[in-house]
Structures are given as C-alpha cells and as structure tokens.
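Engineer: Here it is, the structure, as structure tokens.
Readers should treat all values here as calculations from the given coordinates under stated rules, not as data from a laboratory. What you see is a predicted model, and the numbers here were worked out from it, not measured in a lab. All Cβ positions, glycine included, derive from the backbone under ideal geometry; neighbour counts span all protein chains shown.
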Amino acid sequence: MIRLRLLLELDYDVGQPGGDFIFNIHAAHTARQVVLQELLTLNQDVPHRIDTDPATGNRYLRLGARPGPLRLAYSATVDLLHHKAWPASIAEMPVAQLPTSVLGYIYPSRYCQSDRLTSLATREFGQLWQGHSRVQVIRDWVLQRTAFTPNTSNATTSALDTLVDGVGVCRDFAHLMIALCRAVNIPARFATGIDYGADPALGPTDFHAYVEAYLDGRWTIFDPSGTAIPMGFVRFGTGRDAADVAFATIFGPVQSSAPRIQIEALPGDDGQLEMPWHCPEALSTDP
C-alpha cells in the first residue's frame with residue numbers, strides 16, 4: 001500500500017461581472033484508491049457544490065465567483081492499493097464481450113481520431129499477440145516517436161497533430177496512444193491526476209495525463225509520456241479524451257496563473273513507508 005498526500009493551489013483574477021467554474025481536481029473514489037481525508041478552501045465565500053458523475057465516478061466542483069481574486073486550495077491523503085498482475089497473463093477481450101459501459105471507449109472522439117489511424121495501427125500492431133504486450137508495444141511506439149517538449153501544443157492539438165509533429169506533452173502522448181489502441185479495437189480512456197516521481201528536470205510538479213486500457217475485465221494503467229512512475233498516480237478523472245476531464249473549465253472573463261502542486265509519500269498505519277517504484281507488474285486502481 002502506498003500513501004500519498006497532495007496539495008494544490010489555483011489562483012484566478014475574475015473580471016466583471018464574475019465567472020463560473022467547473023473543476024475536476026478532487027481525488028477519485030475507487031475500489032483501490034481510498035481517500036482518507038481531504039480539505040477544500042476558497043478565499044471567496046460563494047456557494048459551491050461537488051457533484052459525482054454516476055457513470056464515471058468523476059467528481060466536479062462547481063461554483064460561481066465574484067469579480068476579484070479567487071484562490072482555491074485542495075489537499076487530500078490517499079491510499080493506493082493497486083491490483084497487480086503479470087503482463088503475460090492479461091489478454092484482450094473481444095468486442096462482443098465488452099461491458100456496455102466500455103463500448104464508448106472503442107469509438108473515435110474529438111482528440112482521438114482512431115478512424116483515421118486504422119491502416120497505420122493495423123500495419124504496425126495488427127499481427128501482434130492480443131494482450132497486455134500489444135498495448136505495451138503501442139505505448140512504446142508512441143514514446144519512441146514523440147519528444148516530450150513543453151509549449152509545443154495547445155487546447156486544439158489532436159492525436160493526428162501529435163503523430164505528424166512528433167512533439168507534445170503528456171496530454172498529447174495520451175491522445176495518440178488512445179487513438180492507436182482504439183484503431184485495433186482495444187478500449188482506451190484518458191485519465192487525469194497528479195503523479196509522484198516525475199523527473200524534476202521537466203519543471204515543477206504539474207497535473208498529469210495518462211492512459212487506461214481495458215484488458216481482461218479491468219482498466220490497466222499505462223504512461224505513454226514516460227515522465228513519471230505509474231504506481232504514484234493519484235487519479236482525478238477519466239473520459240474519452242481531454243475534453244471530458246479538463247482540470248478547470250471556465251466561463252467568463254478570467255485570467256489564471258500556473259498551479260502550485262505538492263505531493264509526498266507518507267508512512268502507512270503500520271509505520272512503514274512504501275515509495276512508488278517502476279514495478280514489472282501491470283497496475284490498476286479499479287476492482
């Protein structure tokens with residue numbers, strides 16, 4: 001079991017007549033990600049609420065802010081009790097056997113145009129053994145052909161753009177991997193959160209995007225950007241692509257500053273400190 005404590009602070013300057021916000025920054029409650037405690041503070045005394053999407057479990061903080069500074073701080077302590085399995089034992093599932101709730105993750109979406117990549121994906125991955133190893137090959141293919149380069153993409157950059165340009169950030173790596181997986185009928189979804197163990201050379205701790213592929217009845221974690229330690233991912237939300245799980249969706253005249261994020265490992269109830277590490281097993285925080 002890994003215990004992580006995170007703290008994030010977000011600052012905005014809200015213009016007249018005010019702004020509306022939808023945040024997806026609360027740690028998700030899953031069978032293997034247990035939120036022990038959390039605290040939300042706002043500098044403005046405004047009504048707000050947290051809604052949970054019944055289909056995805058994503059938690060959305062919704063509020064309307066008055067003109068002026070808006071500061072939001074969220075902290076949480078989370079236990080990660082990963083399901084682990086040896087990759088060689090994990091197979092893919094035929095489309096006919098997929099749960100109805102998973103079917104949406106084999107179709108093209110706004111940033112993951114899998115229908116445009118079918119020929120490429122079939123040529124590169126169509127003849128491989130259909131299991132975890134094929135998804136790992138797709139992950140490695142994306143990592144080898146894409147350079148992690150900050151400030152090279154924007155909110156409209158899609159999987160096709162990343163394939164052509166060969167550069168991007170974690171969001172772009174995830175979109176390309178998801179599109180390639182779906183192109184060979186592997187359900188894949190976009191996951192967001194905070195990661196422990198990212199390379200400090202990449203800059204301050206930031207939000208992270210990664211991939212979960214549906215294999216053998218379970219959503220399994222992959223990190224196509226290769227910038228962090230999957231065992232240290234704290235999940236916020238999942239969706240078809242970044243359009244579904246933006247950290248902040250803002251309506252109105254608002255200027256924002258860079259987020260400030262901290263994350264640290266803590267000893268568990270037994271006093272033992274387990275650090276995230278690059279383990280050889282496949283990981284999941286679903287049942």
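Engineer: Can you give the local net charge around Asp241? Use residues other than it whose beta-carbon is closer than 12 angstrom to its beta-carbon, Lys and Arg +1, Asp and Glu -1.
Structural biologist: Neighbourhood net charge equals +3.
Engineer: Tell me, in nm to one decimal, what length is gained between Gln16 and Val34 on full extension, where the rule is 0.36 nm per residue of separation less the Cα-Cα distance?
Structural biologist: My answer for the length gained is 2.5 nm.
Engineer: Relative to the first principal axis of the alpha-carbon coordinates of the chain, what is the inclination of helix 170-183, with its axis defined by its Cα atoms, in degrees from 0 to 90 and to the nearest 10?
Structural biologist: Long axis of 170-183 versus the principal axis of the chain: about 40 degrees.
Engineer: Helix-only mean residue ellipticity at 222 nm, the chain, DSSP H runs n ≥ 4 weighted -39,500 (n - 2.57), per residue, nearest 500. What is it?
Structural biologist: -4500 deg cm²/dmol
Engineer: Assign unit charges at the C-beta atoms only (+1 for Lys and Arg, -1 for Asp and Glu), then state the dipole size of segment 162-287 relative to its Cα centre in Debye, rounded to the nearest 20.
Structural biologist: 460 debye
Engineer: Within segment 1-20, list the residues whose amide N lies under 16 Å from a label point set 7 Å along Cα→Cβ of Leu81.
Structural biologist: Residues 1-4 fall inside that zone.
Engineer: Right, next: Taking amide H atoms as placed 1.01 Å from N in the peptide plane, list the residues 5 or more away in sequence, or in a different chain, whose amide H sits under 5 Å from that of Ala248.
Structural biologist: Under 5 Å from the amide H of Ala248: Asn24.
Engineer: Sticking with this one: Nearest 0.05, what FRET efficiency do Asn43 and Ala246 give at R0 = 22 Å with Cβ-Cβ as r?
Structural biologist: 0.50
Engineer: Got a sec to turn the phi values of segment 7-24 into Karplus ³J(HN,Hα) couplings, 6.51 cos²θ - 1.76 cosθ + 1.60 with θ = phi - 60°, whole Hz, x for Gly and Pro?
Structural biologist: Calculated HN-Hα couplings, in order: 9, 9, 10, 10, 10, 9, 10, 9, x, 6, x, x, x, 10, 10, 10, 9, 10 Hz.
Engineer: Let me ask something else about it. First measure r as the distance between the Cβ atoms of Asp115 and Asp51, then evaluate 1/(1 + (r/R0)^6) with R0 = 22 Å and state the FRET efficiency to the nearest 0.05.
Structural biologist: Computed FRET efficiency for Asp115 and Asp51: 0.10.
Engineer: On to the next question. With Cβ to Cβ distances under 14 Å as the rule, what net charge do the other residues near Leu10 carry (K, R +1; D, E -1)?
Structural biologist: Here the count lands on -2.
Engineer: Over the Cα atoms of the chain, what is the Rg over Rh ratio if Rh follows Kirkwood?
Structural biologist: When Rh is taken as the Kirkwood radius, the ratio is 0.97.
Engineer: Could you tally the net charge around His208, taking each other residue with its Cβ under 14 Å from the Cβ of His208, Lys/Arg +1 and Asp/Glu -1?
Structural biologist: Once all neighbours under 14 Å are counted, the net charge is -4.
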